[in-house]
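The values are calculated or read from the model by the stated rules, or taken from the named source; none is laboratory data. Quantities reported herein were computed from a predicted structural model and do not represent experimental measurements. FYI the Cβ positions are ideal-geometry reconstructions off the backbone, even for glycines, and counts take in every protein chain you see. Ligands, DNA and RNA are excluded from the accessible area calculation, which covers all protein heavy atoms including side chains. Shrake-Rupley method; radii C 1.70, N 1.55, O 1.52, S 1.80 Å.
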Amino acid sequence: MEVPFQYGRLAEAKSFIDRIDDRRELKNFLSHGINTILVSPRRWGKSSLVKESMKELVEEEKNIKVCFLDAYKIHTEEEFYNKFASAIIQGVSSTLEQKWGDFLRFVNRLTPSITIASDPMNSIEVDLKINPVKENPETILQLPEKIAIEKGIRVIVCIDEFQQLANIPHWERLESMLRSEWQLQHHTTYCLYGSKMHMMKKIFNNSRSPFYKFGQMMQLKRISKEYWLPYIVNNFEATGKHITEEQAEKLCEKVKYNSWYVQQYCFFVWSHTEGIVSDEDIDRQLDMVIDTNAETFQNELDELVPSQIALLKAIASGETHFNAKNVVEKYRLGQSQTITRNKKTLVEKDLVEKTRDTFSFVDPLFELWLKREYGIV
């Protein structure tokens, strides 16, 4: 039987839900040369949105080529240049023969010290062996623009987990160079997105950052229940099982319509139900989903000091006046400066987010786990 609910991989085809307005907006910005920055909490489907939107765009506009780069495992400047050049060649060329040709035509100009590895999937990876201190890496950053001009095409470069580049040594120098080179390109457009909201906003919203006002900021919203409910109900029905709209809505509300958790929660309910879903199934499988993610949440908690955990418990309990005497005493929050420092730390760790004067959890399941662990009603 085909599994109707998928998580842990990019949502594609039948698993990709809604985002109609987001897809339209993203394609509109990028097709018109507007650099775009996607920001949202973890597991909201940014990567899936970009993949699906770009798949549609290249079908609609044949002169556009899209290059994808995942920055998650990039730790050095040299690695970035290698991955960047590889992603560009991979994206602008269709066949292995074309990739070789473009490599020899464009990349081979950069440095005499190059090795190439090709795999059965027709991909090319280049090792430029470049020393960014001694050589001129700007040439690599200009690669998509040069190719776009010579081929008469437009190039879109999509970089996932972009904020990870900020961990590279001497990031400030690299950041300035990226901005200065990319802002001069008129045939290449950049889509930059990542899962750490605080770091992304620090890079793109800070007026002192080189990437300030680099492009259009897009803040993704939750997929609404008008799309989730028929998707859930129909997928159960298609596999000979039944869940009511009310139960599907209850399920979505529990995890606050977080795309990853809705899919995961639905899978657990679906796979543990023979026919008709009961309310007990909904409650029982929520505990299973929480248990499945518990180790991750415990690891996050282990990195915090007691006063930070206390502040999380206060937020989970619905407290808003953290400096009030009774709240400080009840949760043992510490001195005023400690509370201020801890609020900042929790936001920087993307555990909570601040909206006006209110703090809320970024991850809805982490909040449920914390409440369960500490008996918070």
Checklist line | Selection from segment 344-363 of residues that are modelled with pLDDT of 90 or more, loosely packed, with under 15 Cβ neighbours inside 10 Å and not in a strand (DSSP E or B) | finding: Lys344, Glu348
Margin query: Residue under question is Ser317, and the condition is that it be over 21 Å from the mean Cα position of the chain (by Cα) and closer than 27 Å to Arg222 by Cβ; does it hold?
Written below: yes
Checklist line | Selected residue [under 22 Å from Gln219 (Cα atoms) and modelled with pLDDT of 90 or more] from Phe29, Phe80 | finding: Phe29
Note to self: What pairs come out if I take residues in segment 262-285 that are at negative phi and pair them with residues that are of a type in the set (Asp, Glu) and part of a helix (DSSP H, G or I) whose C-beta lies under 6 Å away, six or more apart or interchain?
What the structure shows: Val269/Asp281; Thr273/Asp281
Next item on the list: Identify the single condition in (1) at pLDDT below 95; (2) over 28 Å from Phe366 (Cβ atoms) that His242 does not satisfy, given that it satisfies every other one.
Entry: (1)
Next item on the list: Determine, yes or no, whether Lys221 is of a type outside the set (Ser, Thr, Tyr), part of a loop (DSSP other than H, G, I, E, B) and in contact with a Ser or Thr (Cβ under 9 Å, 6 or more places away or on another chain).
Entry: yes
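Table: residues versus (1) in contact with a Pro (Cβ under 9 Å, 6 or more places away or on another chain); (2) more than 28 Å from Leu286 (Cβ to Cβ).
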{"residue": "Ser209", "(1), (2)": "no, yes"}
{"residue": "Met217", "(1), (2)": "no, yes"}
{"residue": "Arg222", "(1), (2)": "no, no"}
{"residue": "Pro230", "(1), (2)": "no, no"}
{"residue": "Glu245", "(1), (2)": "yes, no"}
Notebook entry, point to check: Residue check, Lys213 against (1) assigned to a helix (DSSP H, G or I); (2) on the phi > 0 side of the Ramachandran plot, all met but one. Which one?
Noted result: (1)
Notebook entry, point to check: Just one of Ile159, Ile203, Ile147 is assigned to a helix (DSSP H, G or I), at negative phi, within 23 Å of the chain's Cα centre (by Cα) and β-branched (Val, Ile, Thr); which is it?
Noted result: Ile203
Next item on the list: Could you give me the residue pairs with C-beta distances under 9 Å whose first residue belongs to segment 79-93 and is among the hydroxyl-bearing types (Ser, Thr, Tyr), whose second residue is modelled with pLDDT of 85 or more wherever it lies, and which are 6+ apart or on separate chains?
Entry: Tyr81/Ile140; Tyr81/Leu141; Ser86/Leu69; Ser93/Lys65
Next item on the list: Report yes if some residue within segment 168-179 is in contact (Cβ under 8 Å) with a residue 12 or more places away in the chain and closer than 21 Å to Trp44 by Cβ; otherwise report no.
Entry: no
Next item on the list: Restricting attention to helices (runs of 4 or more DSSP H) lying wholly within segment 237-332, give those where 2 or more residues are among the hydroxyl-bearing types (Ser, Thr, Tyr) and crowded, with 18+ Cβ neighbours inside 10 Å.
Entry: 259-271
Check: Out of (1) outside any strand (DSSP E or B); (2) open to solvent by 40 Å² or more (accessible area, probe 1.4 Å); (3) modelled with pLDDT of 90 or more, what's the single condition that is false for Arg43?
Finding: (3)
Next item on the list: State all residues of segment 52-63 that are assigned to a helix (DSSP H, G or I) and farther than 14 Å from Glu25 by Cα; if no residue qualifies, say none.
Entry: Lys55, Val58, Glu59, Glu60
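The rows are residues; the columns are (1) open to solvent by 30 Å² or more (accessible area, probe 1.4 Å); (2) closer than 30 Å to Ala71 by Cβ; (3) in contact with a Lys or Arg (Cβ under 9 Å, 6 or more places away or on another chain).
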position	(1), (2), (3)
Leu174	no, yes, no
His186	yes, yes, no
Gly194	no, yes, yes
Leu220	no, yes, yes
